[in-house]
Amino acid sequence: MMHWRLLYFIILLSTIIIKSNASFLYNTNDSSKTIFDCFDSYIIDTRDPYEHVSFRANHLIPYCRRPLSTDPINKIQGYIENTYTFKNLSLQGITSENLRQWSISIDIIEQYSIYLIKNKTEFDEFIFNNCSSLWFGSNCQYTFNLSMSIESFGDFVNSSFEARRDYLGEILIHTCYPHLSECYRGLEPMCLDWREICDGKIDCIGDKFGIDEEYCNELEINECKEDEYRCHNGAQCIPFEFFRDDHQSIDCLDGTDEAESFQVSGLTIIKDPTECISSMLFACEERACRQPHVFSCGDGSRSSLYPVFNLVNDNRDACFSTGRAAYYRQEIHKSAKRYPNDCYFLLFCKLGFYKILRNDTYNETDCSRANWSSIDCTLEYLSFPLEPIFNGYFQPLYSKQNLIKSDNDDGWPTYICTDTRLCLYLPKTTPPVNGLDCRPAPRYEYRGPSLSSRLRNNTEICALMGNINKYESNSSLFYCEKSDKYISKHRLVDGTQDCNYNEDENYTNSCSLNDTQRFNCTSETKCLSPIGIGYDKPKCKNDEDNKIDSQEIVVYSRLCNGLNSLGGELPPEDDGENDETNCEWWPCHTPYTRCDNIFQCANGIDELNCPNVNCSINEFKCQINYSSDNYYCVPQKYIYEKPIDCISHGLQRNVFYSNNLTFNINQEYISWKEKTCLTKNDICGYSSTNDQQLICNIVQKEDILLNSEFSIYLYGNETSCDIGQGGRRRVSYYFRTWNLGYLPPIINETSLASQQFTNIKPKKSLEINTSIELIEYCNRGIVIFEGKSYEKKCLCPPSYFGERCQWQNQRISLTLQIRPVGSHENKISIYDIFIYLIDNENQIIHNYEKINYMTSKDCNTKYNRYLLYPDQPKNINHTYSIRIDIYEKLTSKYYSSWYLFIPFPFLPVNRISTQIRIPSEKSQLSINCSIQCGTNGKCFKYFNSEQEFCHCDQGYSGRYCNITYNCSCSSDSICLNSSICLCPLNKFGSKCYLQYTTCQSNNNSCQNNGKCIPYNNHINYDDFICLCPESFTGSHCEYHSNKIDINFKIDSIPLSIIAHYIISYTDKRHERKTMFKKIPLDQYSIELFYTTPFNLLFIEISNNYYLTVIREESIRSEYISTNINQDYKCEYIDKLLNSTILNYKNLRRLKYYQLPCIENLKLKCFYDEKYMCVCDKSRYSNCFDFEHNMSYNCQGHSYCGDNGRCFQDNITCPSTSACICDKCYYGSKCQFNSIGFSTSLDVIFGYHIKPFISFTKQSSAVKITASITILMLIFSLINGLLSTLTFKSESLLKVGCGIYLLTNSIISILTITVFTIKYFQLIIFQMKSITNTSFIHFSCILTDVLLKILLSFGDWLYACVAMERTLAATQGIHFNQSKSKYIAKYVMPILLLLISISYIHDPISRRTIDDIDDEQRTWCILEYSTNIKKYDKFINIFHVLIPFIINILSAICITIQVFRIRVKTKKKSAYKKILFAQIKQNKHLLISSCILILLSIPRLIISFLSGCMDSIRNPWLYLIGYYISFIPPLLIIILFILPSKTYKQEFMSIIEKINFFSK
């Protein structure tokens, strides 16, 4: 049985044909009547070669059937190949993965997957159809009627629209905005385009006059933030970073963020006005008109006439891409048929209708034969057009008699009428006629200007005088007094006349508008509006604003290249210096004169060995008879030049070719090969004191220029050929690495030739030929055929709806650029980003889009997405906003949210362009939340706002998470809404029941432990991307990354470095990528991995640069080992040039930048405030722009502490961020410091312990300190036990001293024991052997404070002993032993309690923190406030200094007291002798006190140092001081027992007993 099933399965699969992308069809549910059967058009913008933009645009446009709810929808069947049931397929072992190769919608495939997983028997008999080739749909009802399959629907859409260019000027695309139903635009079929709402002119006439401009005054007074660009019409505020960021990326609804004309490679490019015929992208579809008062063509293009556009005239250049103007023009003329037939015929002939209406009832011949005396038109006056729309405002009124008298096509009106509401400022007239003001028409002039031109002045008055809406005085407005018009201040000096008397463009105080985004002209007192910067109007007097919008001018590479030698290529400076003056130090052969087909060097070495010459090495191409195909390859070594008499014959150079070895035997010729620098002296035969010049100048400087068609005489052949033909080749002025060489040398010389690069084949574009009838049928949609009768249906983008995509939709068009701040964790950053349209009242999600985002791949992407309102038209009683939720893809955990306000709800299209930055850490719960989220949600703040919201648990939604819903997602996914699922990494589908197959463990295409990530299911469900380990790169992680081992040969090893990689390109500006790397404490070298081949590597250490690697040509997968020493250091220019040169202005100073390399043979590089320069192999300088003042604040999202600077590896698209710490600070966030760390072993020694490494493999420093600690513990135990046994004697415990010393003996054991525990805890915690956070936290709080208390308690016990001895000495026989014993028993616990209380601030101020750096450490840190810090210093002084003072004073008092007694008993003895005897007898008291204080001084001094431990790399001095502070507990025997006869005698008896028992 199984064999038959297998055979059936094989036969079944063999019948399957891979269909277009039919499985990408979705939303085939019948439950939706208005949006169904969808395809996603997924398009990545392509760029022209000259567009070196830093990002790409990602468009996802769903094309669906979008009929009206009233349109009939019939179930039609197409061509079905097979019909199956779920049960039948299941029995044959067919999986959902197999079905993806069938012509079935993705919805059915997922439904089948659910059937298999959940074993839903009720779906056993579910019938579905496998369609015939190239048919698809739930009933196989659709086809594109193509002879080929479609791999990508986005490519199909692109090709379909590109095919429309074949019908430019012929095509008619007519769509209307239906949601302003009260608007009367004119006689049908004229209708309102959405772009005509708030366009500055009234298009809606009739009863609801001016409804299209209602509320539009709100746009004029709208203002933006300082870091935003205000789109010129005021409808948007976009990030200023979006302003002029890409000519093809239009972020403003009015398109004013990008220039209309711009310059590329010296050519001024003007945007193609018909470009939108072939594009459905946002740059066209979501763009209104740039200026007011112009005519919208309906596709993003517009008429070029401002402010007068006359639909009635035959303006053939208008709206070629849609035909809207021509269509309306014809319909306006056809509307005249409402007149009686003879009246219409009169207008047809006299006004030249026959030029417009080609297939009308009449023609031009009829007009020429007409008998006008018999015309039967009873109307005295005829108006045309029938509405006041001539020039946008007027309605000409024609006299029948005058028309009859006039020639054909030469009719002239008698009156010009206008609606008084349209033109309030025209002169007063007689009583209105039919509600219109009528004035005599301008006097007719034979062959004079047209009527439209004669009415231009009046048209401008109507358009530019007064306001449509009423304005009140506002600080954002400017009042044109003569024109009686309010305009936004942003319209001043913007190149567009907004006021009739031009007050706005003649405004003289534009620089006092407090607008930081205006351009300040240096040639005149004028500040241009941002819209006018560059090649657009207005302009500065000397066109200095042009440079702002031009490609960046590279200065250094244009210096002294001999081009435009009279005036130079660069504008001169104030001192007259240009790029071609003072070039005596500039060589002829540079990377920027090389191979430009101009012989800059006299012997042509700059044109030798050039690419694409088709000659061998060291050969010149020499053309014969001006033929590019007929040429010689002339070896340089056989070219000679004969010196000439320059005075008599001028510089007519004689150059010969001969391969005869005896040709120059007499040395009468100059060999081009042997003469490396050929000068004028050589050519003219002058004697030269310096045969080989230091600098070989270009030929222009010596007046020895070779002509562009220079001839070489072929000796022996008696012919000649020409070199240097064809004119100058275009040479890139971008930084080039030619002749820089290789540092260090290449290990494998063959590596250059054996580089492997992926050969990407260009995608072949689809060629689609569609008839104009099919294109026009669906307007801006895509035609599709339904059923066997091939009935035309339309797939509409979100911007249109209707059976023929004829209606314009209300919508939100969102452009979103997502930039990471950079994670301080080395983690894979993959996110699912959900964009919701929510109503503000209930927070219900009405529409959503999802973006799969990877920081490593998608940072340079602008996402363009649509959001549609739930109702058509949108409910005016509801307000909406956008919420963006981000989830970590690998963990499916919530990360953060953003809130976007939707302004101006009266606009038909809400265009929002913004940038969000993903923070380095996920959002935390909001404390003291102002809203109640109940038990089913959590309160958070939006990342970009102080506003709070409830993030609901699964199964709940709404503002307060009190609305329940049923979750239909798979069990391993997360429900975000009843219809929104967050899928795990390996799943997809609307309910997450479908599985990716490419990244399964048995099918992983990523090599070398690369992580396979499924990607981009809008084009191909099997696409994936490999996230490679640091040491590998490539699309499949198949290549080794460039590995660089750097050894430090400098005095001080830094804690971190900054690596600057420079990558040179031939067609664009060099790129700089920066990396921050910490250097482990136990290492004196560092490894760097870099995935992209590079040319230069600079290492920055403490603001010093070291040139570490040079690669003239970048090499993939290379291993490099190099050093950093003083020879590689880049010097600042001030050290290399004298003050005279340094004081020159920029251009002239740069001319001397060849000197440092020539004069300093060991110099590798140097720099100034703008450039970094490298010395090449010929000891010439090659300089490029280098930004030294990098921003260290992570774009305002720094997570570093106050003592650190936030560093990103890439300013634009950071993948990681790190903190560069100030002196004395350390940690991943610079949150720790080494200031006043007397009792902090963590700070001193923590970094020397390596995590996740066994003790035996730790550094020698760890092993040495561990050994010392163990020895101290052993010695402490011996010292403490012997001391305890000694002082335990009953005779010694009769007084308080014995009790104090006995207690101190026990305390000494405890102190060293706790110290040992502290040390080994630090070892174990930092090695990550114990990770229990509670235990680590308990240890952090207890251990350090216990050490402080025990040390201080020991010191105070010594002080108690000293005080009691003093009392005994002073009281003598009156000393009460029992009382001293009694006092001691009470003093010790009180003392211990007081000391503990004095240190209570320590455990309160301690906490543990996880330092998420490369080594993932956990630290015990101490954070004091300013006041507590002062108190801590005081208490440290008190506990060290007071016991010392008591000890020293006690010793002095005892000595003095005994001295007095002895003096009394020995009166005849010398005082001096007695004093010295007493000092000698009590010296142990003085010595012990001094020893104790000396051992405490290091701890005391370190506590009060204002400085810090500069480097935790070298902590030995501080470590020794720390260990010394624990020596006093080890010295009880030495300091107290051995100096005392009584104690010593007891101690010796203990020793004897120990010896006795040991024997």
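Provide the solvent-accessible area of Tyr354, counting protein heavy atoms only and rolling a 1.4 Å probe, rounded to the nearest 10 Å².
Counting only protein heavy atoms, the figure is 30 Å².
Relative to the longest principal axis of the chain, what angle (0 to 90°, nearest 10) does the C-alpha long axis of helix 153-162 take?
40 degrees
Tell me, what is the percent relative contact order of the stretch 1112-1249, built from C-alpha pairs under 8 Å that lie six or more residues apart?
Relative contact order for the stretch 1112-1249 comes out at 12 percent.
Counting every Cα pair in the stretch 1273-1420, what percent are over 28 Å apart?
Across the stretch 1273-1420, Cα pairs with separations above 28 Å total 36 percent.
Rg to Rh for the stretch 1064-1129: what is it, with Cα atoms only and Rh by Kirkwood?
Details: Rg = 13.1 Å, Rh = 13.6 Å.
My calculation puts Rg/Rh at 0.96.
Stretched out fully, how many nm does the piece from Leu379 to Leu1161 gain, at 0.36 nm a residue minus the Cα gap?
Working it through step by step, the gained length comes to 271.5 nm.
Counting only C-alpha contacts under 8 Å and six or more residues apart, can you give the relative contact order of the chain as a whole percent? If you can, show how the numbers build up before the last one.
Numbers: 2909 pairs, mean separation 108.6, N = 1559.
Dividing the mean separation by the residue count of the chain yields 7 percent.
With a cut-off of 8 Å between alpha carbons and a minimum separation of six or more residues, what is the relative contact order of the stretch 75-223 in percent?
Relative contact order here is 18 percent.
Check Leu994: other-chain or 5+ apart residues with amide H under 5 Å from its amide H, H built from backbone geometry?
Phe988
So, by mean Cβ neighbours within 10 angstrom, what's the order for 912-919, 1549-1556 with the highest one leading? Don't skip to the end; give the middle numbers.
Numbers: 912-919: 20.4, 1549-1556: 11.9.
In descending order of packing, they fall as 912-919, 1549-1556.
Could you work out the per residue convex hull volume over the alpha carbons of the chain, in cubic angstrom?
It comes to 337 Å³ per residue, whole-number rounded.
Just need log10 I(q)/I(0) for the stretch 367-458 at q = 0.16, 0.17, 0.21 Å⁻¹, Debye formula, equal scatterers on the alpha-carbon atoms, no solvent, rounded to two decimals.
Listed by q, the Debye log ratios stand at -0.69, -0.77, -1.09.
Using a 1.4 Å probe on the protein chains only, how many percent of the accessible area of the stretch 1268-1340 belongs to carbon and sulfur? Write down the numbers at each step before the final one.
Details: 2370 of 3090 Å².
Heavy-atom surface of the stretch 1268-1340 belonging to carbon and sulfur, 1.4 Å probe: 77 percent.
Of all beta bridges DSSP finds with both residues in the chain, what is the antiparallel percent, to the nearest 5?
About 85 percent, rounded to the nearest 5.
So what's the angle, to the nearest 10 degrees on a 0 to 90 scale, between helix 1377-1398 and the longest Cα principal axis of the chain?
It works out to around 10 degrees.
Tell me, what % of the accessible area of the stretch 172-310 is carbon and sulfur with a 1.4 angstrom probe?
Whole-percent figure for carbon plus sulfur exposure: 51.
With the other protein chains left in place, how much accessible area per residue, in square angstrom, belongs to the chain at a 1.4 angstrom probe?
That works out to 46 Å² per residue.
Would you mind getting me the FRET efficiency between Leu513 and Thr879? Use the beta-carbon distance for r and R0 = 25 Å, nearest 0.05.
Once rounded, the FRET efficiency stands at 0.15.
Please give me, ordered by residue number, the trypsin sites (Lys or Arg not before Pro) of the stretch 427-521 that lie in loop per DSSP and have at most 10 other Cβ atoms within 10 Å. All intermediate terms of the calculation are to be shown ahead of the outcome.
Values: sites: Lys428, Arg443, Arg447, Arg454, Arg456, Lys470, Lys482, Lys485, Lys489, Arg491, Arg518; in loops: Lys428, Arg443, Arg447, Lys470, Lys482, Arg518.
Listed in order of number, the matching sites are Lys428, Arg443, Arg447, Lys470.
Are there any chymotrypsin sites (Phe, Trp or Tyr not before Pro) in the stretch 868-917 that are in a DSSP loop and have at most 15 other Cβ atoms within 10 Å? List them by number.
Here the sparse-neighbourhood loop sites are Phe906.
Net charge around Val655, counting only other residues with Cβ within less than 10 Å of its Cβ (Lys, Arg = +1; Asp, Glu = -1)?
+1
Take the Cβ-Cβ distance between Ile772 and Asp871 as r, set R0 to 35 Å, and report the resulting FRET efficiency rounded to the nearest 0.05.
0.50
From largest accessible area down, sort Thr525, Thr1331; use a 1.4 Å probe on the protein chains. Please report the intermediate quantities before stating the final value.
Working: Thr525 120, Thr1331 95 Å².
The residues order as Thr525, Thr1331, largest area first.
Heavy atoms only, probe 1.4 Å: what % of the accessible area of the stretch 1084-1171 goes to carbon and sulfur, would you let me know?
The nonpolar share, carbon plus sulfur, comes to 42 percent.
Using only the Cα atoms, what convex hull volume per residue in Å³ does the stretch 382-535 have? Show your work: numbers first, answer last.
Working: hull volume 24.1 nm³, N = 154.
Residue-normalised Cα hull volume stands at 157 Å³.
Once fully extended, how much extra length lies between Gln667 and Asp1127, figured as 0.36 nm per residue of separation less the alpha-carbon to alpha-carbon distance?
Full-extension gain reported as 161.2 nm.
Within a Cβ distance under 14 Å of Thr1269, other residues only, what is the Lys/Arg minus Asp/Glu net charge?
With Lys, Arg at +1 and Asp, Glu at -1, the neighbours total +2.
Given only helices, namely DSSP H runs of n ≥ 4 each adding -39500 (n - 2.57), what is the per-residue ellipticity at 222 nm of the chain, to the nearest 500 deg cm²/dmol? Don't skip to the answer; put the middle values down first.
Details: 33 runs with 370 residues, N = 1559.
Mean residue ellipticity, 222 nm, calculated: -7000 deg cm²/dmol.
If you filter the stretch 393-491 for chymotrypsin sites (Phe, Trp or Tyr not before Pro), then keep DSSP loop positions with at most 12 other Cβ within 10 Å, what is left?
Those that pass, being in a loop and sparsely packed, are Tyr446.
Grab the Cα-Cα distance for Asn469 and Arg1149, subtract it from 0.36 nm times how many residues apart they are, and report the gain in nm with one decimal.
Values: separation 680, 0.36 × 680 = 244.80 nm, distance 5.88 nm.
So the chain would gain 238.9 nm between Asn469 and Arg1149.
Any chance you could tell me what percent of the C-alpha pair distances in the stretch 1156-1293 go past 20 Å?
Across the stretch 1156-1293, Cα pairs with separations above 20 Å total 73 percent.
Helix 1471-1481 versus the longest principal axis of the chain: what is the Cα-based angle in degrees, 0 to 90, to the nearest 10?
70 degrees
Over the stretch 788-923, what is the percentage of antiparallel beta bridges among all DSSP beta bridges, to the nearest 5?
Given both bridge residues lie in the stretch 788-923, the antiparallel proportion sits at roughly 75 percent.
Could you work out the local net charge near Asp203, counting Lys and Arg as +1, Asp and Glu as -1, over the other residues with Cβ closer than 9 Å to its Cβ?
On the way: positive: Arg185, Lys201; negative: Asp193, Glu196, Asp199, Asp212, Glu213.
Surrounding charge for Asp203 is -3.
Ordered by residue, what ³J(HN,Hα) values in Hz, to whole numbers, does the stretch 1175-1189 give under the Karplus form 6.51 cos²θ - 1.76 cosθ + 1.60, where θ = phi - 60° and Gly and Pro are x?
Coupling constants for the stretch 1175-1189: 7, 8, 5, 8, 6, 9, 8, 10, 10, 8, 5, 8, 7, 8, 9 Hz.
At a 1.4 Å probe radius, which order do Leu1519, Leu661 fall into by accessible area, largest first?
Leu661, Leu1519
Taking the simple approach of a point 7 Å from Cα along Cα-to-Cβ for both Lys1430 and Phe1375, what is their distance in nm?
About 4.3 nm separates the two model spin labels.
What ranking, highest mean first, results for peptides 207-215, 773-781, 228-236 when packing means the other Cβ atoms within 10 Å averaged over each residue?
Averaged packing, sorted descending, gives the order 228-236, 773-781, 207-215.
The values are calculated or read from the model by the stated rules, or taken from the named source; none is laboratory data. Keep in mind the model is a prediction, meaning the values are calculated, not measured. Every residue, glycine as well, gets a Cβ built from its backbone with ideal geometry; the counts of neighbours run over all protein chains shown. Surface areas here come from the heavy atoms of the whole protein model, side chains and all, with no ligands, DNA or RNA. Shrake-Rupley method; radii C 1.70, N 1.55, O 1.52, S 1.80 Å.
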